[in-house]
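Data first, discussion second: the structure below is written as C-alpha cells.
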Amino acid sequence: MQPIASLPAAALRRVRGVLTDIDGTLTTNGALPAATYVALDRLKRAGLHVIPVTGRCIAWAEILTRLWPVDAIIGENGAFYCHLREGKLVTRYLDDAETRARNLARIHALGDEIVRAVPGCALASDQAWHAADLAIDHAEDVPKLPAEAVARIAAMMRAAGMTATVSSIHVNGWFGAHDKLSMSRLCVEELLGGEIDEVNAGRDQWLFIGDSANDAAMFGHFPLSVGVANVREVLPLLPVAPAYVTEAAGGEGFAEMVELLLAAR
C-alpha cells in the first residue's frame, strides 16, 4: 500500500464518484465524526456521486438514505440498494419477496444455532431489521472475540450454504452469490446510467474506500482503492490489499481522502 499522497492528481481528476464502506471507514469508534459528514457534503456539492456500501441492515440504509447527502446506499452486503426518487424512498431488492421470506426462515434458525455453538457471540442488535442476511456480532456490543471464534462463525455459515464475510464488527452471511461489488455494479448502471467495469470508461472513474475483510472484492476491482489506516489490522485476511492508505483511521481518514480528491479538481 502506498500513502494517498502518491495518488496521481490526473487520476483523481477523472473520478466521478466515491463508493465507501461505513463502519470503521466513515465512523471512528462507532460514531460519525463531524469531519465525515462535512466531507460527504463537500463531495456532493462538488458534483461527485456518493454511494455508501455497507453490511448494515435495511433499517439503517433507509434512514441514512433520507438523511445523508448521498445518491444511494447499498445494504446487507449487496442484497438491495435504497435511493430517493422525487423525495420518496425506493428500495431495489435483488431477490423477490418470496425468496427473501424463505431465506429469512433459514437465517433465523441458523442464527440461533450459531449463538448456542460459539460462546461470546450474539445476534447483531439490529438483526430483527435485516431483510436478507444474518449478522453475528463479534466486536460491537460484545467483548471482541478471538480470531478462532470469528472463523468458526464464518465456517458454520458456509457449511449451511451461505456466502460469509467478516466486517470490523460482524460476521455476515447470506444465501446467494451477490456481494458489495455486484450490487455496486447494478446500482451505478440503473441509477446513473454508467458502469464500473470497463477500464478508462468506468473502473477508473470511481474511488473506493474501506477498512475490512468484506471490502476485499472492492479493493481488488478498483485501481483507486483506498484503505483508511485501520485497514492494517485486517491485512492478513485480505487476498488483495488496497492500493493506497490514509494516515488517519476511520472517519478522519475518509475526510483526509476527500480533501486530497477535491484539491486535485
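Only the coordinates and a few stated rules stand behind these numbers; no lab work does. Keep in mind that this is a model prediction, so the values were computed, not measured. Cβ coordinates were reconstructed from backbone atoms using ideal geometry, including for glycine residues, and neighbour counts include every protein chain displayed.
Enter the angle in degrees (range 0 to 90, nearest 10) between the Cα long axis of helix 97-117 and the first principal axis of the Cα atoms of the chain, meaning the one along which they spread out most.
Value to nearest ten degrees: 70.
Most fluctuating residue of Asp23, Asp211, Asp126 in a GNM of the chain with Cα springs under 10 Å: which is it?
Most flexible of the set in this elastic network: Asp126.
Restricting to Cα pairs below 8 Å that are 6+ residues apart, what does the relative contact order work out to for the chain? Please round to a whole percent.
Relative contact order, the chain: 24 percent.
Could you sort 24-30, 203-209, 98-104 so that the peptide with the highest average Cβ count within 10 Å comes first and the rest follow in order?
Details: 24-30: 20.6, 203-209: 23.3, 98-104: 14.1.
So the order, starting with the most tightly packed, is 203-209, 24-30, 98-104.
I'd like the distance between the alpha-carbon centres of the stretch 52-125 and the stretch 181-251, rounded to an integer number of Å.
One Cα centre to the other: 20 Å.
Going 7 Å from the Cα of Ala264 toward and past its Cβ, which residues in the stretch 1-25 have a backbone nitrogen under 11 Å from where you end up?
Within reach of a label on Ala264: 4-16.
Expressed as an acute angle from 0 to 90° and rounded to the nearest 10, what is the orientation of the C-alpha long axis of helix 147-159 relative to the principal long axis of the chain?
80 degrees
What length, rounded to one decimal in nm, is gained on full extension from Ala159 through to Arg16, with 0.36 nm per residue of separation minus their alpha-carbon distance? Let's see the in-between values first.
Working: separation 143, 0.36 × 143 = 51.48 nm, distance 4.00 nm.
47.5 nm is the gain from fully extending Ala159 to Arg16.
Expected output is a single nm value to one decimal: the length gained when fully extending between His108 and Glu195, i.e. 0.36 nm times separation in residues minus the C-alpha distance. What is it?
27.8 nm
Test of understanding: in a Gaussian network model of the chain with alpha carbons linked when under 10 Å, which of Leu84, Leu12, Leu67 would top the mean-square fluctuation ranking?
Comparing Leu84, Leu12, Leu67 in a Gaussian network model of the chain, the most mobile one is Leu67.
Under a 10 Å cutoff between Cα atoms, tell me which one of Lys88, Lys180, Lys144 has the largest fluctuation in the Gaussian network model of the chain.
Lys88
Subtract the Cα-Cα distance of Lys144 and Val240 from 0.36 nm times their separation in residues, and report this length gain in nm to one decimal.
Numbers: separation 96, 0.36 × 96 = 34.56 nm, distance 2.46 nm.
Difference between extended and current length: 32.1 nm.
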